[in-house]
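**Q** Right, I'll just put the structure down here and ask away after.
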Amino acid sequence: MTSHDVVIVGGGHNGLVAAAYLARAGQRVLVLERGTSPGGAAVSYPAFDGVDVRLSRYSYLVSLLPEQIIDDLGLTVRLRRRRISSYTPVRRGDTATGLLVDNEDAERTAASFQRVTGSTRDFAAWQELAELTGRVAQRVFPTLTEPLPSREQLREAVGDDEAWRVVFEQPLGHTLQERFSDDTVRGVLATDGLIGTFADLNDTGLVQNRCWLYHVIGGGTGDWDVPVGGMGAVTGALVEAARSAGAQIRTEAEVVAIDPDGEVRYRHDDAEHVAHAGWVLANVAPSVLDDLIGEASVPPEGAQLKVNMVLRRLPKLADPEVDPRDAFSGTLHVNEDMAQLQAAFEATAQGRIPELPPCEIYCHSLTDDSILGPEERRAGMQTLTLFGLHMPARLFAADHEAAKAEALRATLRSLDSVLGEPIEGCLHTDAAGRPCLEAKTPLDLHAELGMPGGHIFHGDLQWPYAHGEHEPGSWGVATKYPRVLLCGAGSTRGGGVSGIGGHNAAMAVLAQSAGGQRAS
Ligand SMILES: Cc1cc2nc3c(=O)[nH]c(=O)nc-3n(C[C@H](O)[C@H](O)[C@H](O)COP(=O)(O)OP(=O)(O)OC[C@H]3O[C@@H](n4cnc5c(N)ncnc54)[C@H](O)[C@@H]3O)c2cc1C
């Protein structure tokens, strides 16, 4: 039996952020992580036997990690901006073409809109919406690491009635219908509302708007950057910050029960241990916390297929005009017109895998080849990360392996539909001659990461203002037990690789320890 000021259940990146802040403030911190290494969904991994490539196995791009956390903790995290935001292959009549969005060349982007949509009207509307979300980003992002504002306070901070209506009140689908005439353009924007979020774009519950919000405000700009060295480099910096501040991180330590009075039971080295804590911070999802406390839990449902690949070379695209290096360095959208997204939602909600599932793909190694070993770099190999939308856990419930094989087949077919050659011919092979290709369903995430239902945000994303049991001025991390706080993606502003859930839980503990404002 050991005694600590704070025990953190789960060593995901948020748990590590909390550990670093608290240890630096002089608290005695123990992190208990059930996996063999910390990081949760923010890790790099050499997934293919005999292939020296450290893929960001789950999460891959960074937007929501505030500079403030990087500076406060002295993290050596390097992020690289992508010049190409996105490329979306389309067919217009018999011609294969595509919509290219170049962050540094508005004329080139305008010409691409002209080619694909027949005018630059949608480009003007695109720029207008980007300005609107940019204003929201500048006002809202800095509030995420402060105590929660009330809805009215946040609305005042946004200070723009039209922006408030568009982002916080009107279903994203309506906005896209209203402002854009081309369905491909609508779809490219719609995907920001559907990452890890299984929703109809016109849902009046607005879960898709909440997902959209977090995808367009990161860093006050909404840019999604490449972490140099892969996601494992971000976690590595956090481990270093937490350990050097004195936090103890114990891996292969699975928590099996939490007593809300501050007793945490865990298994380590084939024995059961007990850790006493003044505070218990739950980096695990809220429904996992319920299970550990012995309460009834309602697990969320995740809805994506992640596919990792190592290629001998990039494939050609069906559009002979586009350089694959341009197309793959940004986000390449595949069969993600708004109508295709809606149809996929309806099909998979009824348990059917679509003929051409919507997905998006990007090549990390074009922007940062430090994740390749020397031989792989010399041979010109590339990585591909594919994120398939609308693949809910329910599809895989009856026969996981068969449904996974079918989902992967359909997804590769979808990808092939925009390529000039089958992707299979470009895959590198591992030491046993197998293609370097792995897929992760929501059930895999549940089993490997303890993410309930495979939900990548531990549950639906929430508005960044006070609601429910969270009062204005609190940190949005409270549970009904005063000594138990959420410190992960499931806290009010916690989803994605942001560290915000960990930061806010640490601030709640420190505020209470200092006898200051409400704890959580
Ligand atoms: C496939 C995929 C792609 C994604 N892509 C992106 C992206 O590109 N950019 C982005 O910003 N976000 C992305 N996300 C979301 C993001 O990765 C997560 O929301 C975020 O990493 C969650 O971090 P966390 O620290 O809160 O929780 P987790 O990363 O879930 O960490 C929780 C930790 O708790 C541990 N644990 C669970 N149960 C126990 C137990 N009983 N005892 C002890 N330990 C336990 C787990 O092993 C894990 O290490 C993606 C997620 C996935 C899965």
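The values are calculated or read from the model by the stated rules, or taken from the named source; none is laboratory data. Small disclaimer: the values here were computed from a predicted structure and weren't measured. So basically every Cβ, Gly included, is an ideal-geometry build from the backbone, and we count neighbours across all protein chains shown. What goes into the accessible areas is simple: the full protein's heavy atoms, side chains included, and nothing from ligands, DNA or RNA. Shrake-Rupley method; radii C 1.70, N 1.55, O 1.52, S 1.80 Å.
**Q** Farthest toward the dipole's positive end in the chain, which of L384, M451, L172, given Cβ charges of +1 (Lys, Arg) and -1 (Asp, Glu) about the Cα centre?
**A** Most positive-ward Cα: L384.
**Q** Moving to a separate point now. What does the charge add up to near D225, with Lys and Arg as +1, Asp and Glu as -1, over the other residues with Cβ less than 9 Å from its Cβ?
**A** Neighbour charge sum, excluding D225 itself: +2.
**Q** How many lysine pairs are close in the chain, with Cα atoms under 28 Å apart and the two 8 or more places apart or on different chains? Each step should come with its number before you reach the end.
**A** Working: K306/K316; K306/K404; K306/K440; K316/K404; K316/K440; K404/K440.
Eligible lysine pairs with Cα atoms under 28 Å apart amount to 6.
**Q** Work out from phi, with θ = phi - 60° and the Karplus expression 6.51 cos²θ - 1.76 cosθ + 1.60, the ³J(HN,Hα) of each residue of the range 61-72, listed in order in whole Hz, and give x for Gly and Pro.
**A** Those phi angles translate into 10, 10, 9, 8, 7, x, 3, 4, 5, 4, 5, 4 Hz.
**Q** Using packing as a proxy for protection, rank 1-13, 496-508 so that the peptide with the highest average count of other Cβ atoms within 10 Å comes first.
**A** Details: 1-13: 23.7, 496-508: 28.9.
Ranked from most to least packed, the peptides come out as 496-508, 1-13.
**Q** Around T120, what is the net charge, scoring Lys/Arg as +1 and Asp/Glu as -1 over all other residues with Cβ under 15 Å from its Cβ? Numbers along the way, then the final one.
**A** Details: positive: R108, R115, R121, R179; negative: D102, D105, E107, D122, E128, D182.
Net local charge, T120 excluded: -2.
**Q** Considering only protein heavy atoms and a 1.4 Å probe, what is the carbon-and-sulfur percentage of the accessible area of the range 331-418? Please report the intermediate quantities before stating the final value.
**A** Numbers: 1600 of 3290 Å².
Percent of accessible area from carbon and sulfur atoms in the range 331-418: 49.
**Q** Over the Cα atoms of the chain, what is the Rg over Rh ratio if Rh follows Kirkwood?
**A** On the way: Rg = 22.5 Å, Rh = 23.4 Å.
Looking at the chain, the ratio lands at 0.96.
**Q** Using modelled backbone amide H atoms (1.01 Å from N, in-plane), which distant-in-sequence or interchain residues come within less than 5 Å of H428's amide H?
**A** Here V310, L311, R312, C436 satisfy the definition.
**Q** Give me a comma-separated list of calculated 3J(HN,Hα) values for the range 306-321, in order, Karplus coefficients 6.51, -1.76, 1.60 applied at θ = phi - 60°, integers in Hz, x for any Gly or Pro.
**A** The phi angles translate into 9, 10, 10, 9, 10, 10, 5, 7, 5, x, 6, 9, 4, 7, x, 6 Hz.
**Q** One-quarter of the Cα convex hull surface for the range 1-120, in nm²?
**A** Details: hull surface 51.1 nm².
Projected area, direction-averaged: 12.8 nm².
**Q** Could you please tell me the mean projected area of the C-alpha convex hull for the range 113-224, averaged over all directions and given in square nanometres to one decimal?
**A** Working: hull surface 28.3 nm².
Projected area, direction-averaged: 7.1 nm².
**Q** For Y362, Y60, give the ranking by accessible area with the largest first, probe 1.4 Å. List each step's numbers first, then the result.
**A** Values: Y362 5, Y60 40 Å².
Listed by decreasing accessible area, they come as Y60, Y362.
**Q** How much accessible area does R92 have with a 1.4 Å probe, in Å² rounded to the nearest 10?
**A** The accessible area of R92 comes to roughly 80 Å².
**Q** Leaving out ligands, DNA and RNA but keeping every protein chain, what accessible area does E131 have, in Å² rounded to the nearest 10, with a 1.4 Å probe?
**A** Result for E131: roughly 110 Å² accessible.
**Q** Same structure, new question: Excluding ligands, DNA and RNA, what is the solvent-accessible area per residue of the chain at a probe of 1.4 Å, expressed in Å²? Please report the intermediate quantities before stating the final value.
**A** On the way: 19790 Å² over 520 residues.
The answer is 38 Å² per residue.
**Q** Let me ask something else. Show me the three semi-axes of the equivalent ellipsoid for the range 228-276, from the C-alpha gyration tensor (sqrt of 5 times each eigenvalue), largest first, rounded to whole Å.
**A** Numbers: eigenvalues 147, 33, 20 Å².
Output for the range 228-276: semi-axes of 27, 13, 10 Å.
**Q** What is the Rg over Rh value, at two decimals, for the range 402-465, using alpha-carbon atoms and the Kirkwood definition of Rh? Please report the intermediate quantities before stating the final value.
**A** Working: Rg = 16.1 Å, Rh = 14.4 Å.
When Rh is taken as the Kirkwood radius, the ratio is 1.12.
**Q** Whole angstrom only: what separates the Cα centroid of the range 228-280 from the Cα centroid of the range 321-356?
**A** Their Cα centres are 38 Å away from one another.
**Q** Over its Cα atoms, what ratio of radius of gyration to 2.2 N^0.38 Å does the range 217-368 give? Walk me through the intermediate numbers first.
**A** Numbers: Rg = 22.1 Å, N = 152, 2.2 N^0.38 = 14.8 Å.
Taking the Cα Rg and dividing by 2.2 N^0.38 Å, one obtains 1.49.
**Q** Rank these residues by their accessible area, most exposed first, probe 1.4 Å: F198, F387. All intermediate terms of the calculation are to be shown ahead of the outcome.
**A** Details: F198 45, F387 15 Å².
Greatest to least solvent exposure: F198, F387.
**Q** Let me spell out the model: positive unit charges on the Cβ of Lys and Arg, negative unit charges on the Cβ of Asp and Glu, origin at the Cα centre of the range 318-432. What dipole size does that give, in debye rounded to 20?
**A** Numbers: 8 positive and 20 negative charges, 73 e Å.
The calculated dipole for the range 318-432 is roughly 360 debye.
**Q** Enumerate the amide H contacts of G98 below 5 Å, restricted to partners 5 or more residues apart or on another chain; note that Pro and chain-start residues carry no placed amide H.
**A** It is V90, by chain and number.
**Q** May I pose another question? I need the phi-derived Karplus couplings for the range 87-94: 6.51 cos²θ - 1.76 cosθ + 1.60, θ = phi - 60°, integer Hz, Gly and Pro marked x.
**A** Going residue by residue, I get 9, 10, x, 9, 10, 10, x, 8 Hz, with x marking Gly and Pro.
**Q** Turning to a different aspect of this structure: Sorting W164, W224 by accessible area (1.4 Å probe), largest first, what list results? Before the final figure, lay out each step's value.
**A** Values: W164 0, W224 65 Å².
Ranking W164, W224 by accessible area, largest first, yields W224, W164.
**Q** At what distance in angstrom do the alpha carbon centres of the range 155-203 and the range 392-428 lie from each other?
**A** Centre-to-centre (Cα) distance: 29 Å.
**Q** Right, another one. Near the amide H of D225, under 5 Å away, which other amide H atoms are found, from residues 5 or more places off or on another chain, if H is placed in the peptide plane?
**A** The list, which skips near neighbours in sequence, is V62, S63.
**Q** Shifting gears a bit: What accessible area, in Å² to the nearest ten, does a 1.4 Å probe give for S119?
**A** Probe radius 1.4 Å; accessible area of S119 about 40 Å².
**Q** Once neighbouring chains are kept in place and the probe is 1.4 Å, which whole percent of the accessible area of the range 124-218 is contributed by carbon and sulfur? Walk me through the numbers before you get to the answer.
**A** Numbers: 1430 of 3290 Å².
Solvent-exposed carbon and sulfur of the range 124-218 make up 43 percent of the total.
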